[in-house]
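Contents: one structure, followed by commentary.
The values are calculated or read from the model by the stated rules, or taken from the named source; none is laboratory data. Everything numeric in this text was worked out from a predicted model, so none of it was measured. Every residue, glycine as well, gets a Cβ built from its backbone with ideal geometry; the counts of neighbours run over all protein chains shown. Calculation scope for accessible area: heavy atoms of the full protein, side chains included, ligands and nucleic acids excluded. Shrake-Rupley method; radii C 1.70, N 1.55, O 1.52, S 1.80 Å.
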Amino acid sequence: MIWRLPTEPMPPSEDFEPYEEQRGIPMPVLWIALALALWGALALYQSSRSNILAQDEREEALAEESKRDIDPASSLFEANCSTCHQSNGLGLRGAVPPLAGSEFVATGAETVARIMLRGIDGPLRVMNTDYNGHMPSFASALGDAEVAGIASFVAKRWGQDKLGIEEKTVADLRSEATDEGSFAGGEEIAGIVQGLPTQPTSTAKSETAVDPDVARLVFRGGDDVWACATCHGDLAQGKETTPRLAGLPASYIEKQLHDFSAGTRSDESMMLVAKSLSDDEIRELSGYFSSLRVGSTAKANLGGDLKRGEVLALKGDWSLGVPACFTCHGAAGFGVAPTFPALAAQQAPYTAAQLAAWAGGRRGSSPLGLMEQISKALSTADRRAVADYLASLAPVPALNSNGTRQEMSNAGRTAEP
């Protein structure tokens with residue numbers, strides 16, 4: 001046994017573990033931690049709030065887009081106006097004036113409706129840029145309610161008109177414009193509508209006298225053949241399987257007559273007529289029919305799916321290898337001289353019959369064989385659909401060689417010998 005003095009300290013136990021007393025966290029550190037926690041919570045709240053707002057805005061945008069998709073006026077605009085003016089209203093640079101920012105649209109829906117009912121042939125100035133106006137009248141293609149819908153849609157979307165225009169007002173404007181013909185450019189519109197910028201001077205509209213020799217061929221025919229009007233009508237608007245000639249490019253009509261004469265295009269009646277014409281007569285007749293401005297008598301009467309026809313005309317169907325009709329035949333189907341004729345307002349039975357003829361090898365001579373390939377790719381239902389859609393469009397505006405318009409009327413008969 002070991003004895004220790006009372007004052008001698010006891011040795012630590014073998015199980016002893018050293019430790020330090022717990023010290024408190026410094027206050028500055030606590031304040032920093034608290035500040036960081038508050039900042040994080042605020043950042044999370046703001047982020048969450050932003051996400052909610054973004055989602056709400058996206059839902060509103062989708063709802064607005066969906067609303068536009070089912071808006072009849074928006075659909076009418078897409079079908080009748082967007083090919084030239086574009087869906088965003090920016091037009092085609094140097095060719096088609098914009099609707100967005102247009103001084104004409106800014107004056108209200110009534111101005112838009114007036115232009116739709118009469119069309120424009122002549123120079124106009126929009127946003128300090130000059131254009132050669134070449135817009136058809138939609139009076140024969142659209143009813144009063146449809147014109148009111150499109151005019152209101154345009155004026156509200158790209159103008160400041162919040163009220164639009166009523167169907168009855170359009171009916172009144174239509175009755176006023178019945179015998180007026182197209183506007184001679186922006187200058188004539190500025191004479192009616194206040195607040196437009198100074199417009200370029202327009203060539204005065206005139207009614208060109210019908211050449212007696214042309215009138216004879218149109219209304220009475222030649223020595224051995226019947227008159228053009230016998231089949232194509234006095235106003236060259238065509239009927240059923242007889243095509244509309246009014247407004248087709250002169251060079252295109254001339255080529256077809258030469259093809260009939262040479263036998264490279266087959267039609268017994270037209271071959272007989274064409275062979276009886278001299279080159280000068282073919283040229284004069286072609287220029288005459290090309291210069292005519294008359295309404296459309298075409299109807300969508302084949303029972304085709306107009307929506308499908310619209311898709312084929314505007315977008316094509318690349319699953320079939322079919323391009324859009326308007327890719328070659330021009331904006332709104334107005335034609336591209338000399339090779340591609342106008343399709344707008346063409347008689348639906350005629351268009352469908354020609355597509356069937358190309359598909360069946362009974363008609364050829366299209367550029368690069370395009371129409372033969374396209375027609376073969378289309379089903380019978382597709383041919384009817386696109387023919388009906390094209391028949392529903394407004395007719396192409398037509399100008400004669402000196403820039404003035406020529407009206408075809410019964411007055412032309414007075415020029416018969």
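Numbers below:
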{"quantity": "Whether the stretch 103-216 is rounded, prolate or oblate, judged on the alpha carbon gyration tensor where a/c under 1.5 counts as rounded", "calculated": "oblate"}
{"quantity": "Surface accessible to a 1.4 Å probe, per residue, for the residues of the stretch 228-313, Å²", "calculated": "46 Å²"}
{"quantity": "Nearby lysines by direct alpha-carbon distance to K376 (threshold 20 angstrom, same-chain neighbours under 8 apart not counted)", "calculated": "K315"}
{"quantity": "Of all accessible heavy-atom area on the stretch 77-201, the percent that carbon and sulfur account for (1.4 Å)", "calculated": "49 percent"}
{"quantity": "For V322, distant residues with modelled amide H under 5 Å away", "calculated": "D317"}
{"quantity": "Rounded percent of accessible protein surface that carbon and sulfur make up, the stretch 220-290, 1.4 Å probe", "calculated": "48 percent"}
{"quantity": "Selection of trypsin sites (Lys or Arg not before Pro), the stretch 325-377, meeting DSSP coil and at most 16 other Cβ within 10 Å", "calculated": "R362"}
{"quantity": "Student exercise, the stretch 95-236 dipole from Lys, Arg, Asp, Glu Cβ charges, in Debye to nearest 20", "calculated": "520 debye"}
{"quantity": "Karplus-derived HN-Hα couplings along the stretch 289-300 (A = 6.51, B = -1.76, C = 1.60, θ = phi - 60°), whole Hz, x at Gly and Pro", "calculated": "5, 4, 7, 6, 10, 9, x, 9, 10, 6, 10, 7"}
{"quantity": "Size of charge dipole - the stretch 348-389 - debye, nearest 20, with Cβ of Lys, Arg +1 and Asp, Glu -1, no other charges", "calculated": "120 debye"}
{"quantity": "Value of relative contact order over the stretch 116-171, rounded to a whole percent, pairs C-alpha under 8 Å and six or more apart", "calculated": "28 percent"}
